[in-house]
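Everything below concerns the one structure shown next.
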Amino acid sequence: MTTALAPARPQTGVGRTTFVALAAREMRRFVVNPVFLFAVVITAWWTWAGRGTAVADIGLVNAFTAIFLGGFGMMATFWLTRSMRASDPVVGVTPVTLPARTAALCAVAIVPFGCGCLALIAFLHFHSASDPAYGAFSPSARIAVVAGQIVVPSLGGPLLGVALGRWVRFPGAALVLFLVLWSWVSLVTVVSGSHPDSAPVAVLRLFAGFTFFALHSDAGGVTAWRGSPWFFLGWQLALCAIAVLVALLRGAEGRVRTRIIRALAIAGVAALVMLVLAAAGGFTHPVTA
Amino acid sequence: MAGPVLRAGAWPAVAGISGVAVVVGGCGAAFPAAATVLFPICFALLAAAAAFTLDEPASLVVDVTPTGPVRRTRIRALALLAPLAAGALVMLAAAMRGLALPWAATGLALAGNVLLGFAAACVVRTRTGEPGATAGTAVVLVLMAPSLVPQVARWVRTFPAPGAGGPSSDHVWWIVLAVCVVAIAISIRGRSLPRWMSSVP
């Protein structure tokens, strides 16, 4: 009697082992990056220093976590990605494809994402979700607001840095993009303050990786702006997926390239839908509480 | 000699970052409520642009030519006119929009930002042929420190915001200008380290 055995696929196992080894290697390089270490230390200090102090609105506190873990994380992964260019003639002849190496780099974003989760827990510990500084949002929407302001930028920033490092040669690209994003968020926040009822302005405000959902009002209280925090989370996660796919597209060939482009189209449509829903959902006009 | 030295400069980087700075500053002029945030970012970008003026990809060859670092740096310093002109354009736009900024102090801040970027590049240039990215990042992080860490803003202001309390930015920039001039003078003479440190024991 003969037994037919399904052929094993050793390549899958080998590929997974290689990926884990590469990801662990990149993660070790990332956690000792001075820019990332600085970001972690200053985020921890900022979170600790803010304990027990009453804040006018939460956005002004969370913006710094997004800047340090997201913005500085982007610069750190950009340099991490670019640092491999010099060794490309050697690394390029190894049996690992460029998309596999890019995927390993993207896996590094788990570290700042974890730091963002810890920062969120600490923030909720020091500033309870029942605090009036959150604005007129429901308890679940409040969690969505802080998750969108602390956790997802910590994931998206480093992923954007990898995509930028794969496609842009200019060594100052991450720095310039960091300042441009900062300018954009500042500009649309100021414009939203003067046109809080405008739907197009709300779309512009949400068209970013980070946004403010409530701002302290000069007349007293906190004014919650238009937009759905939950759908904004969806928009942010779609942007993260786009960043990963754009990074993986570099050096991808044949069927893999076709599949990445197809996934990119789907993620683009999902992002657009989420942006529209984020702008259309939530409060239809500013609410001061 | 000036032509080839200038031609070899990192013009796409200098012009590109200056262009982005003009857009950011232009938005500050168009939306006066955002000017106090956008103008410091615009000036920081101009400082980063200034840091790229000394980038020399062929430094291994250029550094051993008879043209000394003093002359090369002097020629490359002409490229600083690009970020300075961009900053002047932004200030002109803000003035035309009727922004009430202390113009003398703003001009001093612009000159200080650009010179700080250039001085940092001069210092880093003694170690590497392309100091732009490193020097630019360091300078931008220093310049944005008052915005990144609000506690720093209590002690140091890098932009003369109208009506704001606290220390004047003029004092900071006069000190920075003096330090930059000394740093540039020392670095282009090849003395990146004190003499006792550069000698092999």
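The values are calculated or read from the model by the stated rules, or taken from the named source; none is laboratory data. Nothing here was measured: the structure is a model prediction, and the numbers come from that model. Quick reminder, even Gly has a Cβ in these numbers, built from the backbone with ideal geometry, and neighbours come from all protein chains shown.
Would you point out the residue of the range A:47-86, among those that are free of Cβ contacts under 8 Å to residues at least 60 places away in the same chain and within 24 Å of A:A224 (Cβ to Cβ), that is surrounded by the fewest Cβ atoms within 10 Å (Cβ to Cβ)?
Only one residue tops the list, namely A:T53.
If we scan the range B:95-102, do we find a residue that is in a helix (DSSP H, G or I) and within 30 Å of A:V191 (Cα to Cα)?
Looking for residues that are in a helix (DSSP H, G or I) and within 30 Å of A:V191 (Cα to Cα), one finds at least one in the range B:95-102, hence yes.
Per-residue answers, yes or no, for (1) touching a strand residue (DSSP E or B) at 6+ places or on another chain (Cβ under 7 Å); (2) within 13 Å of chain B (Cβ to nearest Cβ); (3) polar (S, T, N, Q):
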residue: A:S183; (1), (2), (3): no, yes, yes
residue: A:L187; (1), (2), (3): no, yes, no
residue: A:F210; (1), (2), (3): no, no, no
residue: A:F232; (1), (2), (3): no, no, no
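Have a look at B:L45, B:L92 and point out the one that is within 14 Å of another protein chain (Cβ to nearest Cβ), of a type outside the set (S, T, N, Q) and under 24 Å from B:A161 (Cα atoms).
B:L45
Can you pull out the residues in the range B:43-78 that are buried (at least 24 other Cβ atoms within 10 Å of the Cβ) and of a type in the set (A, V, I, L, M, F, W, C)?
Listed by number, the residues that qualify are B:F43, B:A44, B:L45, B:L46, B:A47, B:A48, B:A49, B:A50, B:A51, B:F52, B:L54.
Given the conditions (1) more than 14 Å from chain B (Cβ to nearest Cβ); (2) over 26 Å from A:A49 (Cα atoms); (3) crowded, with 22+ Cβ neighbours inside 10 Å; (4) touching a Phe, Trp or Tyr at 6+ places or on another chain (Cβ under 9 Å), report the number of the one that A:A107 does not fulfil.
For A:A107, the failing item is (3).
From (1) outside any helix (DSSP H, G or I); (2) closer than 26 Å to A:T53 by Cβ; (3) of a type outside the set (F, W, Y), pick out the condition that doesn't hold for A:A86.
(2)
From B:A50, B:A77, which residue is touching a Gly at 6+ places or on another chain (Cβ under 8 Å), of a type outside the set (S, T, Y) and more than 10 Å from chain A (Cβ to nearest Cβ)?
B:A50
Of these, A:S194, A:S198, which one is closer than 24 Å to A:I67 by Cβ and surrounded by fewer than 16 Cβ atoms within 10 Å (Cβ to Cβ)?
The unique qualifying residue is A:S194.
Residue pairs, Cβ under 8 Å, 6 or more apart or interchain, first in the range A:188-202 and touching a residue at least 60 places away in the same chain (Cβ under 8 Å), second part of a helix (DSSP H, G or I). List them.
A:A199/A:A279; A:A202/A:S192; A:A202/A:A279
Within the bounds of the range B:53-72, is there any residue that is in a helix (DSSP H, G or I) and within 13 Å of chain A (Cβ to nearest Cβ)?
Residues of the range B:53-72 in a helix (DSSP H, G or I): B:53-54, B:59-62, B:69-72.
Cutting the leftovers down to within 13 Å of chain A (Cβ to nearest Cβ) gives us B:53.
The answer is yes, given that some residue of the range B:53-72 is in a helix (DSSP H, G or I) and within 13 Å of chain A (Cβ to nearest Cβ).
Output the residue which, of all residues in the range B:103-138 that are charged (D, E, K, R) and outside any helix (DSSP H, G or I), is farthest from B:F43 (Cα to Cα).
Result: B:R127.
Please give the number of the condition B:L6 fails out of (1) surrounded by 16 or more Cβ atoms within 10 Å (Cβ to Cβ); (2) part of a helix (DSSP H, G or I); (3) in contact (Cβ under 8 Å) with a residue 24 or more places away in the chain.
(1)
Name the one entry in A:G13, A:G73 that is at pLDDT 90 or above and of a type in the set (G, A, S).
Just a single option satisfies the conditions, and that option is A:G73.
A:G114 is checked against (1) over 15 Å from the mean Cα position of the chain (by Cα); (2) assigned to a helix (DSSP H, G or I) and fails just one. What number does that condition carry?
(1)
When the residues of the range A:150-172 are narrowed to those that are hydrophobic (A, V, I, L, M, F, W, C) and surrounded by fewer than 22 Cβ atoms within 10 Å (Cβ to Cβ), which ends up farthest from the other protein chains (Cβ to nearest Cβ)?
Checked the range A:150-172; the qualifying residue farthest from the other protein chains (Cβ to nearest Cβ) is A:W167.
Looking at the range A:224-252 only, could you name the residues that are in contact (Cβ under 8 Å) with a residue 60 or more places away in the chain and assigned to a strand (DSSP E or B)?
A:A224
Looking at the range B:13-41, which of its residues are closer than 20 Å to A:A173 by Cβ, more than 8 Å from every other protein chain (Cβ to nearest Cβ) and not small (G, A, S)?
Within the range B:13-41, B:V14, B:V22, B:V23 meet the criteria.
Please pick out the residue among A:V180, A:V152, A:V145, A:V203 that is modelled with pLDDT of 95 or more and either under 20 Å from A:G282 (Cβ atoms) or outside any helix (DSSP H, G or I) (or both). Full working, then the answer.
Numbers: A:V180 fails: either under 20 Å from A:G282 (Cβ atoms) or outside any helix (DSSP H, G or I) (or both); A:V145 fails: modelled with pLDDT of 95 or more; A:V203 fails: modelled with pLDDT of 95 or more.
Step by step, each of A:V180, A:V152, A:V145, A:V203 is checked, and only A:V152 is modelled with pLDDT of 95 or more and either under 20 Å from A:G282 (Cβ atoms) or outside any helix (DSSP H, G or I) (or both).
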